[in-house]
Every structure is written in C-alpha cells, then in structure tokens.
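S.K.: Let me give you the structure first, and then I'll get to my questions.
Every number in this text was worked out from the coordinates using simple rules, so none of it is lab data. Bear in mind that the values here come from a model prediction, so they are computed numbers and not experimental data. Here the Cβ positions follow ideal geometry from the backbone for every residue, glycine too, while neighbour counts run over all protein chains shown.
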Amino acid sequence: MAQVGTQDNPLRIAIIGSGPSGFYAAEYLEKQKNLVVEIDMYDRLPTPYGLVRGGVAPDHQKIKSVTKVYDRIAQAAGFRFFGNVTFGKDIHLADLQQLYHAVIFAVGAQTDKRLDIPGEDLPGSHAATEFVGWYNGHPDYKHLSFDLSQETAVVIGVGNVAMDVTRILARTQDELDRTDIADYAQEALKHSRVKDIYVLGRRGPAQAAFTNPEIKELGEMEGADCIVTPDEVALDEYSAAYLKAPGADSKDVKNVAILTGYAGRAPAGKPRRIILRFLTAPVELIGTDRVEAIKIVKNEAYRTESGEIRARATDRTEIIPAGLVFRSVGYYGVALPGVPFYDKWGIIPNDKGRVLTAHHGGSTVTGEYVVGWIKRGPSGIIGTNKPDSIETVEQLLADVQAGQLWSPAQPQAQAVDALLAARGVQPVSFADWLIIDGLEQARAAGTPHPRLKFTSIEAMLNALAERKA
C-alpha cells in the first residue's frame, strides 16, 4: 500500500468534538503541505462550535464571531462534518480503528466540579454549567428551570464563567434584546425579581481568575451597580508584594486597579446590585425544602513554601440570606467509552497530547490523541486552544513519520457513510448546518437579535428537512 499521507492513501483523521480545540487541530493538519489529509469531525449535536455556541455568553457576540475562522477551516477540501452522531453510541472506538489512521478527542469538559458542602443538593442550588446551557439554548438544558422569584442570588467563583452568570442575571431586557439568548430564557428573566447578586472569591482580588474585560464590564451595566467596599480590595502583605514584583501578571495588576476604582465610587441607585466579596468560601447551604441562606467563612491569605499565595479558613463566619446559588468553581471532563480517564483531574491522561493508559507511568496508546480541556483541564480562553492543538498535532505528525498509527481495514471515505447508513444514523453535514444557521438568523428578522436559536435537536432536524424538501 502507498505511504500514508499520499493521494493514493490519504492520512485519515477522526476528530471527536467540534469546539475550538477540534477546529484548531483540523486547521493545523490542513496546513501540512507534504501530506494529503482527510478529516472527519464528529459532534453529537447537529450544530458545531462547542462552547462558542453553547458556553460563550449571549451578550458576547464579538467573541462568537471566531466561528468565521472555523467556517473557513470546514470549507477546506477533505474536511467533513458529521453532526448528530454520538461517539460510543452511533460510532465506536473499534469502528474508528477500522476507518481511520488516528483519532483526536476534542470533547471538552462537559460537567462541573462540586463544592462538597452540606446542602449543596437543595433545590435552588445549581451548577453554573446548567444555567449557562439553559440561557444559551443548549438542547441538554432547555428543560431546566430556575427560581428567579428570589431577591438574592449568590455566584460562587470569580472566573469568567461566574462573570457571565452574574451579567446575565443583571442584564436589562434592552440589553438582552441585542443578544442571541434563548427566547424562553429571556422570557423568564423578564419576570426575574433578583435584586442582589453576591459574587464570592475564595482568594483575594489579586488572585481572581476573571480577565480585565470581564470585570470592567460589570462596572458598565445599564441596570446594576457594582459594589466593592474598600476592605474587600485591601491587599494582604503577600499579594501587595506580588503586585509590586517585576514578574507580576499584568492581568492581576489591572484587575486590582479596576476593583479599587469601583471601591472609590458611590452607587448610582440602579435597580440591581452586584456585590463582590473576596477571601470568602461557602461552608454550608442552609434550608429545609430549598436554599434559604448560605454560610460563608472568612479566609486569610498565606504563602506556601513554593511561593504560592493560597487561602485558608479563619474562625469568622457569616450567613447571607439567599434563595438562589450558582457554583462556578470549574468544569470537569467526562469519561469516554474505551478511552483512558484520570478521575482526579477529569482529563484523558496524555503526554503532550498522546493518550496514555494511565496518568502516572502509563504507556502511549497508539492512534489516540487529545486536545483542549479534556487534555489539560478547564483553563485558558478560546485562543489558548490553538497552541495546545498544534502541540498535539505535532505529536501525531511525528507518529506518521514513525509509522506508529492505526492500520485501518477500510480507509475509504465512503466506508463511513455506509456504516452510519447501515445503523440508521442520519448525520448533519456542514452544508446542512449552514442551512440551520441561515434559518436561525432568518427567524430573528425584524428584531434586534442576531439569531433566534433552535433549542431542540428535533426542531433543528425538522426545520432542516423542511428547507431541503
């Protein structure tokens, strides 16, 4: 047989997941001028883009415009999209080994970390991932409901997702009109009685994970004051020394400057308040039949032997009456059928993207690679995925040269179509997705919304079938 990567024997790669990391891996493969590559990208939803569609906040349309780059990648010769195809159900690892030379897992982190405190499972306590999926119209979350009749909500965490949740809770209807928020979510938020939104950070303001634009945005809300008291931005000795050091991250320096600015201004009397608290941690959610309050402990900063600034609990506690709590303390990966998984970190164990049999001392699994959050954990922004994916593809390309890949029995593109057809699976192609995309935009005609999303798989497929008919 001809060498892998030639016209007679193209390098065939399956990518499981269609978020940023999957597209960046595809892009780098497409750039290999000395290789003929065929890429089949799979997603269990009919829609591509992963968290760019289902996770990025609807009021961040500029960030979502990155999909134009992914559209270009998808239009390249040799690229195919198989939406509405679930790995482990419609197509299995054993199938991929017969159809491709390698697989890249780009499935992200699909669930959330828990707090593991008493009362966490009371009604009114939610994972931020659920709320984000709900307001973004993700089919998995559209059935959920949130008790927005409560006047006080608490968001636990100070990363960008926590900022997104806070903003959506505090946005006015006029602001939401300019987004692609799910229609049912906007209708529910129209009747929201939430007035106070507490945002709790375990460490100090110098260690907050949110980026400068995110915290700056909280101070520019049309209908909410951002409340930061001077004592909340008073720095501990370790943080003060860190910010003065030459190696201080400019993000942290600017975050503290922005927060200090908030502490120095008087509230404008807007209908809602966003109250930022630092060096606090939840220890219990209190309530009988539902969340009624949250007990928090005041933390203090300390420095470890390695120089890290961490937080530990003091004996000072406080109770905040609240009926709605969102935990936003990190995403967590989900294991895939037949693929190694490291439970402690919620990742697929790997060495620079090559899948390993185990996290500690594992051997390389031939033909299997990983990118994005399921590779490194839930860290970074969309752009972080590009170098991450390039690193993985470099390992794959080295294995192409070394002949360390699968030897598929059916390396023909049409073999995939035949397999799925035999199983009664009807995939959504990228051309099909573009039809759905156009229909969503058309549904928003005459409104300020950029699109009106289909929020169920059935609705997407029915609309697609009608248009194609």
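S.K.: List, in the order given, every pair from 33/254; 113/142; 251/298; 89/142; 33/113 whose Cα-Cα distance in the structure shown is over 32 Å.
M.R.: Too far apart for the 32 Å limit: 33/254; 33/113.
S.K.: Right, here's the next one. What residues qualify as long-range amide H neighbours of residue 120, i.e. H under 5 Å apart, gap of 5 or more or another chain, H built at 1.01 Å from N?
M.R.: Those qualifying (amide H under 5 Å, at least 5 residues apart or on another chain) are 285.
S.K.: I've got another one for you. Give me the orientation-averaged projected area of the Cα convex hull of the range 195-276, in nm², one decimal.
M.R.: Projected over every direction and averaged, the Cα hull of the range 195-276 covers 5.2 nm².
S.K.: Over all directions, the average projected area of the alpha-carbon convex hull for the range 113-330 comes to how many nm²?
M.R.: The orientation-averaged projected area of the Cα hull of the range 113-330 comes to 12.5 nm².
S.K.: Where does the chain land at 222 nm, in deg cm²/dmol rounded to the nearest 500, when only DSSP H runs of n ≥ 4 count, each adding -39500 (n - 2.57), divided by all residues?
M.R.: Rounded to the nearest 500, the figure is -9000 deg cm²/dmol.
S.K.: Sticking with this structure for a sec: Dipole of the range 113-330, Cα-centred, from +1 at each Lys and Arg C-beta and -1 at each Asp and Glu C-beta, to the nearest 20 debye?
M.R.: Using only the charged Cβ atoms, the result is roughly 400 debye.
S.K.: Span-like helices, the chain: DSSP H, alpha-carbon axial extent 24 Å or more, mean Kyte-Doolittle -1.0 or greater, which ones?
M.R.: 385-402
S.K.: Mind listing the long-range amide H neighbours of residue 155? Cut-off is under 5 Å, sequence gap 5 or more, other chains count too, H placed in the peptide plane at 1.01 Å from N.
M.R.: The list, which skips near neighbours in sequence, is 198, 199, 200, 326.
S.K.: Here is a further query. Check cross-link reach from residue 468 to the lysines: straight Cα distance under 21 Å, and skip same-chain residues fewer than eight apart.
M.R.: Output for residue 468: 453.
S.K.: For the range 318-376, which trypsin sites (Lys or Arg not before Pro) are in a loop by DSSP, counting at most 10 other Cβ atoms within 10 Å?
M.R.: 344
S.K.: Can you find, among 353, 67, 101, the residue sitting farthest towards the positive end of the charge dipole of the chain, where Lys and Arg contribute +1 and Asp and Glu -1 at Cβ?
M.R.: The residue sitting most towards the positive pole is 67.
S.K.: I want the local charge near residue 212. Using Cβ-Cβ distances under 9 Å, sum +1 for each Lys or Arg and -1 for each Asp or Glu among the other residues.
M.R.: +2
S.K.: Per-residue HN-Hα couplings for the range 332-343, Karplus 6.51 cos²θ - 1.76 cosθ + 1.60 at θ = phi - 60°, whole Hz, x for Gly and Pro?
M.R.: With coefficients 6.51, -1.76 and 1.60, one gets 9, x, 10, 5, 9, x, x, 10, x, 8, 10, 4 Hz.
S.K.: Treating only the Cβ atoms of Lys and Arg (+1) and Asp and Glu (-1) as charged, compute the dipole magnitude of the range 366-411 about its Cα centre; round to the nearest 20 debye.
M.R.: Computed about the Cα centre, the dipole is about 140 debye.
S.K.: Roughly what would the spin-label model give for residue 241 and residue 300, points 7 Å off Cα along C-beta, in nm?
M.R.: About 1.6 nm separates the two model spin labels.
S.K.: Taking the Cα centre of the chain as origin, work out the dipole magnitude from +1 charges on Lys and Arg Cβ and -1 charges on Asp and Glu Cβ, in debye rounded to 20.
M.R.: Its charge dipole is roughly 520 debye.
S.K.: Taking θ as phi - 60°, what are the ³J(HN,Hα) couplings along the range 280-294 by the Karplus curve (6.51, -1.76, 1.60), each to the nearest whole Hz, with x for Gly and Pro?
M.R.: Using θ = phi - 60°, the values come out as 9, 9, x, 10, 6, 9, 9, x, 9, 9, 7, 5, 10, 6, 10 Hz.
S.K.: Turning to a different aspect of this structure: With a/c under 1.5 counting as rounded, go ahead and sort the range 384-469 into rounded, prolate or oblate using the C-alpha gyration tensor (a ≥ b ≥ c being the square roots of the eigenvalues; past the cut-off, prolate if a/b is larger than b/c, else oblate).
M.R.: Since a/c reaches 1.5 but b/c is at least a/b, the shape of the range 384-469 is classed as oblate.
S.K.: If you don't mind, another one. Under the rule of at least 5 residues apart or a separate chain, name every residue whose amide H is placed under 5 Å from the amide H of residue 332.
M.R.: 110, 111, 112, 113
S.K.: Rounded to the nearest Å, what's the spacing between the alpha carbon centres of the range 292-312 and the range 176-202? Just the number, please.
M.R.: 29 Å
S.K.: Using every Cα-Cα pair within the chain, state what percent have a distance larger than 36 Å.
M.R.: Across the chain, Cα pairs with separations above 36 Å total 35 percent.
S.K.: A further question follows. If you average 1/r over all unlike Cα pairs in the range 144-251 and invert the result, what Kirkwood radius do you get in angstrom?
M.R.: Across the range 144-251, the inverse of the average 1/r is 15.6 Å.
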